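Just below is one structure, and these are the notes that go with it.
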Amino acid sequence: MKFFIDSASVEEVKNAVRLGVADGVTTNPTLLARENKPAEVIYKELCKVVKGPVCAEAVSIVADDIIAESRKLSAIDENIVVKIPATKDGLIAVNQLESEGIKTNVTLIFSPMQALLAARAGATYVCPFVGRLDDAGHVGMELIEQIMQIFINYDLPTQVVVASVRGTLHVSDAAMIGAHIVTVPYNVIEKLIKHPLTDAGIQTFLKDWQKVKASS
Ligand code: E4P
């Protein structure tokens with residue numbers, strides 16, 4: 001499973017690159033609003049830091065406007081992938097943009113059929129939001145199982161990016177299901193590394209190493 005970093009913070013993405021887990025980045029307007037820089041500056045910096053897709057969200061609503069905005073976003077860097085919401089206009093735009101060679105990531109997916117239609121429209125990626133489904137009283141990971149099964153049934157090349165990840169269990173469940181990619185907030189990456197038995201084991205080894213040194 002590949003890891004994208006769900007962040008608009010260049011520092012966080014740099015940290016993830018050093019760990020060797022940043023296969024790409026996803027941003028959205030909410031994440032960009034936390035940074036004090038113009039979006040285009042952030043996209044350019046992210047594209048320098050990470051060797052992989054950097055997802056930049058189009059905020060237009062009407063198909064022609066989404067297409068025009070996406071062409072501009074895509075011109076920023078060859079690694080930009082345009083995030084487009086799963087609406088009728090969004091899918092029209094995806095169909096057109098992919099035919100021009102512009103990669104798309106259909107976002108805000110909450111049902112298997114939205115994912116199937118996005119894949120048929122030619123999307124390179126789909127982003128089902130598991131955490132927001134959990135928040136609304138559903139089991140978000142069930143959506144990932146359904147989408148993966150459908151994509152396997154029809155041998156669809158679109159890759160599933162598990163999004164709206166809130167904790168470590170979402171990540172391990174995504175890996176067990178066989179999702180292609182998970183997009184993870186940086187703090188969750190740090191939690192995935194941590195284990196109290198690792199820390200306790202290091203303390204014991206350090207104490208015992210002092211005894212080895214004292215006797216040599
Ligand atoms: C994905 O690309 C989205 O940016 C993100 O995962 C949304 O997560 P949230 O539901 O925690 O805002």
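Within region 145-170, the set of residues being β-branched (Val, Ile, Thr) and within 13 Å of the ligand (Cβ to nearest atom) comprises 160, 161, 162, 165. Return the residue satisfying two criteria in turn: it lies in region 53-80 and is outside any helix (DSSP H, G or I) and in contact with a Phe, Trp or Tyr (Cβ under 8 Å, 6 or more places away or on another chain), and of such residues it is farthest from the ligand (Cβ to nearest atom). Here the residue is 77. For residue 210, the requirement of being at pLDDT 95 or above, within 16 Å of the ligand (Cβ to nearest atom), in a helix (DSSP H, G or I) and among the polar types (S, T, N, Q) is not met. Restricting attention to region 18-30 and to residues that are farther than 16 Å from residue 44 by Cβ and of a type in the set (A, V, I, L, M, F, W, C), the residue that is surrounded by the fewest Cβ atoms within 10 Å (Cβ to Cβ) turns out to be 19.
If I ask for residues that are among the aliphatic types (A, V, I, L, M) and closer than 12 Å to residue 112 by Cβ, which ones from region 136-155 would you list?
143, 144, 147, 148, 150
Filter region 49-58 down to residues that are surrounded by 13 or more Cβ atoms within 10 Å (Cβ to Cβ) and out of contact with any Lys or Arg (no Cβ under 6 Å at 6 or more places or on another chain) and give me whichever is farthest from residue 99 (Cα to Cα).
So, considering only residues that are surrounded by 13 or more Cβ atoms within 10 Å (Cβ to Cβ) and out of contact with any Lys or Arg (no Cβ under 6 Å at 6 or more places or on another chain), the one farthest from residue 99 (Cα to Cα) is 50.
Within region 103-139, being in a strand (DSSP E or B) and touching a helix residue (DSSP H, G or I) at 6+ places or on another chain (Cβ under 8 Å) holds for 104, 106, 109, 126, 128, 129. Considering 112, 128, the condition of being more than 10 Å from the ligand (Cβ to nearest atom) and touching a Leu at 6+ places or on another chain (Cβ under 7 Å) is satisfied by 112 alone. With respect to the conditions (1) more than 16 Å from the ligand (Cβ to nearest atom); (2) more than 18 Å from residue 127 (Cβ to Cβ), residue 9 lacks only one, and its number is (1).
Screening residue 108 against (1) over 26 Å from residue 39 (Cα atoms); (2) surrounded by fewer than 22 Cβ atoms within 10 Å (Cβ to Cβ); (3) touching a Phe, Trp or Tyr at 6+ places or on another chain (Cβ under 8 Å) leaves a single unmet condition, (1).
Going by what's in this entry, would residue 41 be described as at pLDDT 95 or above and touching a Lys or Arg at 6+ places or on another chain (Cβ under 8 Å)? Spelling it out, it is not the case that residue 41 is at pLDDT 95 or above and touching a Lys or Arg at 6+ places or on another chain (Cβ under 8 Å). All conditions in (1) without any contact (Cβ under 8 Å) to a residue 12 or more places away in the chain; (2) farther than 20 Å from residue 129 by Cα hold for residue 80, with the sole exception of (1).
The values are calculated or read from the model by the stated rules, or taken from the named source; none is laboratory data. Keep in mind it's a predicted model, so treat the numbers as computed, not measured. Cβ: placed from backbone, ideal geometry, glycine included. Neighbour counts: every protein chain shown.
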